[in-house]
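Comments concern the structure below.
The values are calculated or read from the model by the stated rules, or taken from the named source; none is laboratory data. All values reported here derive from a predicted model rather than from experimental measurement. We place every Cβ from the backbone using ideal geometry, glycine too, and count neighbours over all the protein chains shown. Just so you know, the surface numbers come from the protein's heavy atoms only, side chains and all, with ligands and any DNA or RNA stripped out. Shrake-Rupley method; radii C 1.70, N 1.55, O 1.52, S 1.80 Å.
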Amino acid sequence: VFNLPYQDKKNFRIFHNGNWCYGRLNKINRGNKKMFKVTTVNNKEILMTEDHINLTPSGNKRADELDCNDYLAFSTKPLERIPERDMKLTYEQGVFIGAYLGDGSKTNTNGIIFSLSDEKINELIPIFSKALAQWELEIEERYSNKVNNCTNIVYNSAELRNIVEFWVYGDYCYEKEINLECLLQSKEFRNGIVDGLYKTDGGNSNRIYSTSVKQIEGIEIILTSLGMQSIIDMSDRTGEGKVVIREEEFNRNYPVYCIRYYKQNKNTRNIKDIYKTINNTIYFKIKTIEEYQTEEKFVYCFEMENEDEPYFTLPNGIITHNCRLVNDTKEIAKGKEKIEGFFSSIGGTSISIGSLKVNTINFARVAYE
């Protein structure tokens, strides 16, 4: 993103806790700073330099000041639709797309096929019918013979297939992923995607399973956009022989990912050693802090335009502080605390600000050259 031409970034927005906010992306020379990987109890990671600032219940803390008794802030506000990009999509249409992510595939012609149990048919077909009517598509579903307790339901429509292919990338279960254009659509549509996937590839207690890491990451981002928190676990049993599903044997060719999402109980604001809610902000406890080894010379961070709220939200839901590049002594003087140090006549400084020091540029030498 940093290297994209200006034309692609002139209306650049950054997601933060239910809103798209103005800002820019900074590229910073890491120098000899240590890097840390911090993981919360809900398995969310953030990689950062030692002086990167984090939002905790006790205020802002540098990465090298954190310990496993600290908590990190998470996004809680749902993202609204973007009016100029709104396709007027509904909950039922979202369920159709989510169910295709879970149990859908393409026919050899121009059709879409679902493989569903009797219970899923009774629950989903009425919702599918509403979705098709909302798309103004008159398509009769065709039922095939039952195989391994599942029936194939086929919709022969090139137009419907085009809709599905716009929202879902990939043909096979291990490569499917959602088009994140859905973040600009209604909350109802995004909720429908999650529910449709849960109704087809879900377990109990808001768990969704998939062999596609891209699909799980996409659902994680959608959940963040809905103000919900999640936890992702991976089970790699590829070397443990075959598994039997619906009386048929399959090889364990891919790891299985499970994402569980939290629907907060309004009567439960805290769970000991997991999360706490303070002034409608949820904080998850830190599980581990590790020094992170990398050969990368540069790190990247956002700089938010709004100085009164200098935070942004990662796709996994963590709220973190921006890295503001300050090179004006008047701006520094606005700070609440006095900053000791010096500025030389050619721009050098002894003051460490944000996540880096101000660079020294010898303008006299530049002019001479």
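The table for this structure:
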read-out	value
Whole-percent pair-distance distribution, where bins are 10 Å wide, for the alpha carbons of the chain	4, 19, 27, 23, 14, 8, 3, 1, 0
Estimated dipole of the chain in Debye, rounded to 20 [Cβ of Lys and Arg +1, of Asp and Glu -1, Cα centre]	900
DSSP-loop chymotrypsin sites (Phe, Trp or Tyr not before Pro) across the range 165-194, with at most 12 other Cβ within 10 angstrom	Y172
Solvent-accessible ranking of R30, R142, largest area first, probe 1.4 Å	R142, R30
Percent of C-alpha pairs per 10 Å bin, the range 18-63, short to long	20, 42, 36, 2
F298 - accessible surface, heavy atoms, 1.4 Å probe, Å² rounded to 10	80
Solvent exposure, largest accessible area first (probe 1.4 Å, DNA, RNA and ligands not counted), of F363, F96, F302	F363, F302, F96
Cross-link table K77/K263; K88/K130; K10/K61, entries beyond 24 Å C-alpha to C-alpha	K10/K61
Pairs of Cα atoms farther than 23 Å apart, the range 7-114, %	58
Charge context of I286, other residues only, Cβ under 9 angstrom, K/R +1, D/E -1	0
For the range 95-200: rounded, prolate or oblate by the Cα gyration tensor [a/c cutoff 1.5]	rounded
Value of [θ]222 nm, deg cm²/dmol, for the chain, DSSP H segments ≥ 4, -39500 (n - 2.57) each, nearest 500	-6500 deg cm²/dmol
Potential lengthening between N280 and C258 on full extension [0.36 nm per residue; Cα-Cα distance subtracted]	5.2 nm
Listed residues R365, R190 arranged by accessible area, highest first, probe 1.4 Å	R365, R190
Inter-probe distance in nm under a simple model that places probes 7 Å from Cα toward Cβ, at K88 and E305	3.0
Placed amide H near N179: partners under 5 Å, 5+ positions off or other chain	V168, Y169
